[in-house]
Amino acid sequence: DGLVGYLNQFASQFFEGTNVRCHLEMPRQLSDQMFPAEIRHNLFLAIKEALNNVLKHSQASEVHVAVNEAGGRVEIIVADNGRGFIQNEENRARKGNGLENMRKRMAELGGELHLDSAPGKGTRLKFTIVLNQ
């Protein structure tokens, strides 16, 4: 079913039976021929890590997952209403490697990861990848 179908199914099932409500905003389908299997797989793994972080660390009651395709780019946004955090070197040393792994994975794909988080304001991750690289 492609990246969108798989992500839709995974996110819905991942938060099923938890205290986190999952809201999905996705197009019916992305053009899979623009995404080779390796890119789809690695992009999914980065997003899976983000969803895992929401459930494990954020104390959120809601998460929004949105996929947008425009201008030769695909953006996938994972945003929660959780506790948020300050990202600095001290926190990076204390915490796991999840964010760093997501950044590396996106860089290997020629994409980007943008993080926006603040205490009490939740966390928003935007994964961006250029189509037809």
Within region 71-81, identify whether any single residue is over 17 Å from the mean Cα position of the chain (by Cα), under 29 Å from Phe35 (Cβ atoms), open to solvent by 20 Å² or more (accessible area, probe 1.4 Å) and modelled with pLDDT under 90, and answer yes or no. yes
Determine if region 93-102 includes at least one residue that is in a helix (DSSP H, G or I), modelled with pLDDT of 90 or more and open to solvent by less than 60 Å² (accessible area, probe 1.4 Å). yes
Does Phe127 fit the bill of being touching a helix residue (DSSP H, G or I) at 6+ places or on another chain (Cβ under 8 Å) and at pLDDT below 95? no
Has region 104-113 got at least one residue that is at pLDDT below 95, within 21 Å of Tyr6 (Cα to Cα) and part of a loop (DSSP other than H, G, I, E, B)? yes
Just to be sure I understand the filter: pairs with C-beta atoms under 6 Å, separated by 6 or more residues or on different chains, first member in region 21-32 and more than 20 Å from Val78 (Cβ to Cβ), second member at pLDDT below 95. Which pairs pass? Asp32/Gly2
Residue ID - surrounded by the fewest Cβ atoms within 10 Å (Cβ to Cβ), chosen from residues in region 55-69 that are outside any helix (DSSP H, G or I) and either of a type in the set (Phe, Trp, Tyr) or modelled with pLDDT of 95 or more (or both): Ser61
Filter region 1-23 down to residues that are open to solvent by 100 Å² or more (accessible area, probe 1.4 Å) and either among the charged types (D, E, K, R) or within 13 Å of the chain's Cα centre (by Cα) (or both), then give me how many there are. 3
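The values are calculated or read from the model by the stated rules, or taken from the named source; none is laboratory data. Small disclaimer: the values here were computed from a predicted structure and weren't measured. For neighbour counting, all protein chains shown are included, and Cβ atoms are generated from backbone atoms with ideal geometry for every residue, glycine included. Heads up: the accessible areas ignore ligands, DNA and RNA and are worked out on the full protein's heavy atoms, side chains in. Shrake-Rupley method; radii C 1.70, N 1.55, O 1.52, S 1.80 Å.
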